[in-house]
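The values are calculated or read from the model by the stated rules, or taken from the named source; none is laboratory data. Quantities reported herein were computed from a predicted structural model and do not represent experimental measurements. Backbone-built Cβ (ideal geometry, glycine too); neighbour counts: all protein chains shown. For the accessible areas, the whole protein counts, side chains as well, though only heavy atoms, and no ligand, DNA or RNA atoms are used. Shrake-Rupley method; radii C 1.70, N 1.55, O 1.52, S 1.80 Å.
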Amino acid sequence: MNMIDIVSQNFSESIQAKIATADSLAPTVAAAAQILVEALLAGKKILVCGNGGSAADAQHFSAELLNRYEVERPPLPAISLTTDTSTLTSIGNDYSYKEVFSKQVMALGAEGDVLLAISTSGNSENVNTAIDAAHAREMTVVALSGKDGGKMRDLLRAPDIEIRIPASRTARIQECHITVIHCLCELIDRALFGAGN
């Protein structure tokens, strides 16, 4: 296969993964957005975590809420747990990498807050430990996953929501995750500020 064919195949796979996600998960994404909206209306905040590309997605989401998505509006409280290198390395060094997010959730999370937990496989130990910490703090979890949902799927409980991308390739899952994140941002803006109506 030549380079042009590889590019075309990647675009085609991405398009098909997004169509499959839209067909199967649109109501789930809308339900997740409603949980986020209700938390924000109640004066609560959203904590976000993930590793690697999912860490970048966590930062992307929090930036869209703290600053703005597409329209001018007040900043919204979202904290990416992936950005404080001193905290991450301190916890990783003194305790374990498994706890780099959970310790932050225990310190910063409160009842009624939401944890947006991102893992393409659902098997990221530190993300799953953060889910347990969120539950201990009486927080709701919105999970972005893929493949078969991994260990994460068994940690979730009502009223948590899992948005599991119907794909097996990590790149395709990540591409769908960012589209889901943009949908959540738009739905939040429309619900809170009538943006785009």
* To do: From the list Glu64, Glu70, pick out the single residue that is more than 13 Å from the chain's Cα centre (by Cα) and either of a type in the set (Asp, Glu) or within 21 Å of Leu192 (Cβ to Cβ) (or both).
  => Glu70
* **Pair list, Cβ < 7 Å and 6+ apart or interchain, from segment 46-65 residues that are buried (at least 19 other Cβ atoms within 10 Å of the Cβ) to residues that are aromatic (Phe, Trp, Tyr)** => Val48/Phe61; Cys49/Phe101
* Asked: Being out of contact with any Pro (no Cβ under 6 Å at 6 or more places or on another chain) and closer than 25 Å to His135 by Cβ, is that true of even one residue in segment 68-77?
  -> yes
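Conditions (1) of a type outside the set (Phe, Trp, Tyr); (2) modelled with pLDDT of 95 or more; (3) more than 26 Å from Pro74 (Cβ to Cβ), marked per residue:
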residue: Ala133; (1), (2), (3): yes, yes, yes
residue: Ser145; (1), (2), (3): yes, yes, yes
residue: Gly149; (1), (2), (3): yes, yes, yes
residue: Asp154; (1), (2), (3): yes, yes, yes
residue: Pro166; (1), (2), (3): yes, yes, yes
residue: Glu186; (1), (2), (3): yes, yes, no
residue: Asp189; (1), (2), (3): yes, yes, no
residue: Ala195; (1), (2), (3): yes, no, no
* How many residues does segment 102-132 hold that are in contact with a strand residue (DSSP E or B) (Cβ under 7 Å, 6 or more places away or on another chain) and not hydroxyl-bearing (Ser, Thr, Tyr)? -> 13
* Answer yes if at least one residue in segment 7-19 is among the β-branched types (Val, Ile, Thr), under 20 Å from the mean Cα position of the chain (by Cα), surrounded by 14 or more Cβ atoms within 10 Å (Cβ to Cβ) and at pLDDT 95 or above, and no otherwise. => no
* Restricted to segment 170-180, and to residues that are under 21 Å from Asn126 (Cα atoms) and out of contact with any Gly (no Cβ under 7 Å at 6 or more places or on another chain), which residue is least open to solvent (accessible area, probe 1.4 Å)? -> His177
* Structure fact -> The residue from Ser124, Ser80, Ser86, Ser119 that alone is open to solvent by less than 50 Å² (accessible area, probe 1.4 Å) and either over 22 Å from Ala33 (Cα atoms) or aromatic (Phe, Trp, Tyr) (or both) is Ser124
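Residue-wise test of (1) part of a strand (DSSP E or B); (2) closer than 19 Å to Met106 by Cβ; (3) hydrophobic (A, V, I, L, M, F, W, C); (4) free of Cβ contacts under 8 Å to residues at least 12 places away in the same chain.
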{"site": "Ile131", "(1), (2), (3), (4)": "no, yes, yes, no"}
{"site": "Gly149", "(1), (2), (3), (4)": "no, no, no, no"}
{"site": "Asp154", "(1), (2), (3), (4)": "no, no, no, yes"}
{"site": "Arg164", "(1), (2), (3), (4)": "yes, no, no, no"}
{"site": "Gln174", "(1), (2), (3), (4)": "no, no, no, no"}
* If you go through segment 96-110 one residue at a time, do you hit one that is acidic (Asp, Glu), in a loop (DSSP other than H, G, I, E, B) and open to solvent by 10 Å² or more (accessible area, probe 1.4 Å)? -> no
